[in-house]
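Notes to accompany the following structure.
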Amino acid sequence: MKKIILSVALVAFSFSFAQKKEIAAAYKAIEANDNATANSQIAAADAVLGGKTYLLEPSILEQYYYAKGLGLLNTGKVSEGAAVLAKISELGKNKIYTGKNAEKQKVYYVGKAAADASGVANLKEESYAPTTTGALGNKINPLLTKANDEAMAAYNAKNHELAGAKFLEVNNLLNAAGSDEKLYKYYAAIAYNQAKKYDEASNIYSELIKEGYTGVKTEYKAKNKKTGQIDNIDKNSWDLFKKMGATGDYTDFTTSSTPSVEQEIYESAVALLIETQKYDEALTIIDKGLAKFPDSKILNEQKGTVYFKSGKLDQFVVNLKDQVAKNPTDKVNWYNLGVLTSKDPSKTAEAEGYFKKSLEIDPNYKDALQGMIYNVYVNGDDKAIDAIDTARKAKKMDLFNKLLAERRDRLSKAIPYAEKYYSLDPKNLEIVSLLKGLYQTARNDVKFQEMKAVEAALKASK
């Protein structure tokens, strides 16, 4: 028997025809409240479609989203169903790019980003107006009210994980109804963060950044002539009443804007990425955030934290120098510079300068006092002792005396800082023992005996 080979065009036709038939059946079933049939037909269409929704012309794609979304909604998968239904409004908000791909299939890409990513050339730009948006309102509103009440109740009960899921559900339902409001998505991120569901919160914050959410919303208000109350009015009505002037029902027209939360979103997103050790992603968002908010102290500090935690110490030092240049009164950054610089023995003098800067800002800053003592003067003392001992054993007395004098001089410089620390924390046994040793090295027997007695008393008390 002769083997029959279908042409590519015929295969594509059969592929598309099967989808249309099943989607049409699902659409009719969901309209008749027959969820079982609708869901089975959508499942069959999905099996053929394989996620290639760009093969469906907009009117069929709308029916697909409508039947699939309501099928999920009606079976209790509210958030998931709402996310699917939200795609219907996207059909009307975006341009549709049509053409044929390499397989000669007719394609329909929703939005320029999808069209560009496809790689298909010579696409034609078209528009589409969804027809099911009105019908969705009656179906969504009761679910929206219920989800909002549940979200607020969960949040007030400090069940933050449930609140996050419910706020996200409210967001998806609003999107399904055609709203661009992302306030509840922002609430979901906050709730998930409080629940320590860091991955969920981080993903939402990252999405809000990509979507350009700022939280800024203009409110339109006017004084009701009949009640004397200030009413919130939608923009179109506000414009209309304002044009009516004295013949209208309102006076004293004002507008106000809610504050931006965009900087906070960047800072929160980075904090969560640091918490989950996603340092490369954190740096990407930090750089994007600093381009918008170059004076953000938090983002600048987070950049240093990322460099430090990811082992990029050279970049960390550069970042710290940038920060002290912008804010020379930050004692912590001067101290951190001192610590990192002191790790290189050839830069001890430079490190000493940084610690001194920190102490100029706060003479009682214990960390900087410790830095001067241990990182600058006591640092490397073991090697100095070994060198002195080696010279003694070799009977090189001139070298021995020279090294001994140098060590005594170096450690003597630590004494004022150790004394200052002791004055701030007189019960610190470690600093008392250190100060006793420093006095002994400096041949100050009176102070040595004094610290020896203090040391004994502290040890006895413990």
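The values are calculated or read from the model by the stated rules, or taken from the named source; none is laboratory data. Keep in mind it's a predicted model, so treat the numbers as computed, not measured. Virtual Cβ from ideal backbone geometry, glycine too; neighbours counted across all protein chains shown. Quick note on the areas: whole protein, heavy atoms, side chains included, nothing else; ligands and nucleic acids left out. Shrake-Rupley method; radii C 1.70, N 1.55, O 1.52, S 1.80 Å.
Projecting the Cα atoms of ALA43, LEU168, TYR198 onto the dipole axis of the chain, where Lys and Arg carry +1 and Asp and Glu carry -1 at the beta carbon, places TYR198 farthest toward the positive end. Can you give the translational diffusion coefficient of region 11-158 in µm²/s, computed by Stokes-Einstein from the Kirkwood radius over Cα pairs at 20 °C and 1.002 mPa s? It comes out at roughly 130 µm²/s.
What pairs from LYS104/LYS139; LYS93/LYS278; LYS20/LYS95; LYS185/LYS243 go past 30 Å between their alpha carbons?
On the way: LYS104/LYS139 39 Å; LYS93/LYS278 34 Å; LYS20/LYS95 22 Å; LYS185/LYS243 36 Å.
Those over the limit are LYS104/LYS139; LYS93/LYS278; LYS185/LYS243.
Eigen-decomposition of the gyration tensor built on the alpha-carbon atoms of the chain gives equivalent ellipsoid semi-axes of 69, 32, 21 angstrom, largest listed first. Rounded to the nearest 10 degrees, the angle from helix 429-441 to the longest Cα principal axis of the chain is 40 degrees. The fraction of accessible area contributed by carbon and sulfur in the chain is 52 percent, rounded to a whole number (1.4 Å probe; ligands and nucleic acids excluded). Helix 133-156 and the long axis of the chain differ in direction by around 30°, with both axes built from C-alpha atoms.
With only alpha-carbon pairs counted, each pair once and no self-pairs, how large is the Kirkwood hydrodynamic radius of region 292-403 in angstroms? Provide the component values of the computation, followed by the final result.
On the way: mean 1/r = 0.0636 Å⁻¹.
Over region 292-403, the inverse of the mean reciprocal pair distance is 15.7 Å.
Do the alpha carbons of any pairs in LYS420/LYS447; LYS312/LYS357; LYS343/LYS366 sit beyond 21 Å of each other, and which pairs? Checking Cα-Cα distances, LYS312/LYS357 exceed 21 Å. Taking every protein chain into account, the accessible area of region 189-293 amounts to 58 square angstrom per residue (probe 1.4 Å). Computed from Cα atoms alone, the Kirkwood hydrodynamic radius reported for region 52-124 is 12.9 Å.
With +1 on each Lys and Arg Cβ and -1 on each Asp and Glu Cβ, and nothing else charged, work out how big the dipole of the chain is about its Cα centre, in Debye to the nearest 20.
Numbers: 66 positive and 59 negative charges, 157 e Å.
The dipole magnitude comes to about 760 debye.
Short-range pairs are left out: with C-alpha atoms under 8 Å and at least six residues apart, the relative contact order of region 175-234 is 21 percent. The mean accessible area for residues of region 353-462, using a 1.4 Å probe and ignoring ligands and nucleic acids, is 59 Å² per residue.
Using the Stokes-Einstein relation with a Kirkwood hydrodynamic radius computed over Cα pairs, the translational diffusion coefficient of region 212-308 at 37 °C and a viscosity of 0.692 mPa s comes to 201 µm²/s.
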